[in-house]
Structures are given as structure tokens and as C-alpha cells.
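Participant: Just dropping this structure here.
Just so it is clear, none of the values below were taken in a lab; they were calculated from the coordinates. As the structure is a computational prediction, the values presented were derived from the model and not from experiment. Here the Cβ positions follow ideal geometry from the backbone for every residue, glycine too, while neighbour counts run over all protein chains shown.
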Amino acid sequence: MSRQPTWMTWTRRGLVALGLIALLYAGVGVLTEEDNLFNYIRFLILSLVGHELVLMPIFIGVGVLVVKLVPRTARPIVQAALLTTAAVVIIALPAVTGHGRSSDLPSALPRDYPRGLLIVVGCIWATAMAVLLIRAIRRGRRPVEEG
């Protein structure tokens, strides 16, 4: 087994140190902000519950379906497309649902965000399909094979 390069070890240590500093800064900020302490605690609890009881079961279920339904050679591409789609949807969700839109300020969310999200997700999956097709052509096989 080969050892990691020294620069990688120090890079990881530096990133861990920066992460710990950020956590310490956030913790001090939360504890010194007495007026909004309830809001911080509520956000933390809801985000943990939402992650563990909503997102994780969905991701696990999709993972099981991918293993059962997608051929072995196509799995990495499909998994990458699914992960990218999930990240884009989670980031775009507030704009798509209209949070922040106000009739007093029409320029706050001026675009058709649902259509934009569909276009981006379509591009992600078109790219995934193109990669799968190119791989299949290079191998001289059909795009979908059992595995």
C-alpha cells in the first residue's frame, strides 16, 4: 500500500483546521446572540430531522433502485447525474418555490425558475446519456447491457 504524499497530508490537516476554526466561530456567534438562540436551535433541529428522516431515506431508496435497475457499466454515470441533479434541485428549490418573491419588488425573482431548473436538469441528463452513448460506441456494444 502506498503512502499519501506529504503535501496531501498537510492539505488535509489545513482543511480540518480551517473547518474547526469555522465551527468555533459559528459556535461563539450562536452562543453570544441571545435574541435569536431559539431560531438557531430550531433551525438545527429541523435541518437534522429533515436530513435524517426525509433526505436519507430518499437517497437510500434511489441507491437501491439504481443498483437493481441500472447495468453495472452505466452506474457511475447515472449516480453522478443523480447526485448533480439532487444538488441543483436543493439549491434551486427556494427560487423555484418563490421564497423571497414580493409584489412590492418585482425584480426580486424576475425569471421563470421552474423552466430554468428543468433546462439545467435536462442538460445534466443529456450529458449523462451522451457519455453513456460514447462509452458504448467505444466499446462496440449496445448502450444498455445487462450486468
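Participant: How far, in degrees from 0 to 90, does helix 37-50 lean away from the longest principal axis of the Cα atoms of the chain, to the nearest 10?
Facilitator: For 37-50 against the chain, the angle is about 20 degrees.
Participant: Something else about it: Is it possible to state the helix-based mean residue ellipticity at 222 nm for the chain, with each DSSP H run of 4+ residues giving -39500 (n - 2.57), the sum divided by total residues, to the nearest 500 deg cm²/dmol? What is it?
Facilitator: -25000 deg cm²/dmol
Participant: In segment 17-91, which GluC sites (Glu not before Pro) fall in coil by DSSP and have 13 or fewer other Cβ atoms within 10 Å?
Facilitator: Working: sites: Glu33, Glu34, Glu52; in loops: Glu33, Glu34.
Hits after loop and neighbour filter: Glu33, Glu34.
Participant: Continuing with this model, one more query. How large is the direction-averaged shadow of the alpha-carbon convex hull of the chain, in nm²?
Facilitator: Values: hull surface 60.6 nm².
Its Cα hull, projected and averaged over all orientations, spans 15.1 nm².
Participant: Over all distinct alpha-carbon pairs, what is the Kirkwood Rh of segment 1-76 in angstrom?
Facilitator: Numbers: mean 1/r = 0.0597 Å⁻¹.
Here the Kirkwood hydrodynamic radius works out to 16.8 Å.
Participant: Where in segment 1-109 are there trypsin sites (Lys or Arg not before Pro) that are in a DSSP coil and have at most 16 other Cβ atoms within 10 angstrom of their Cβ? Write down the numbers at each step before the final one.
Facilitator: Values: sites: Arg3, Arg12, Arg13, Arg42, Lys68, Arg72, Arg101; in loops: Arg3, Arg72, Arg101.
Those that pass, being in a loop and sparsely packed, are Arg3, Arg72, Arg101.
Participant: Taking only Cα atoms and a 10 Å spring cutoff, compute GNM fluctuations for the chain and point out the largest among Leu55, Leu109, Leu69.
Facilitator: Its mean-square fluctuation being the largest, the pick is Leu109.
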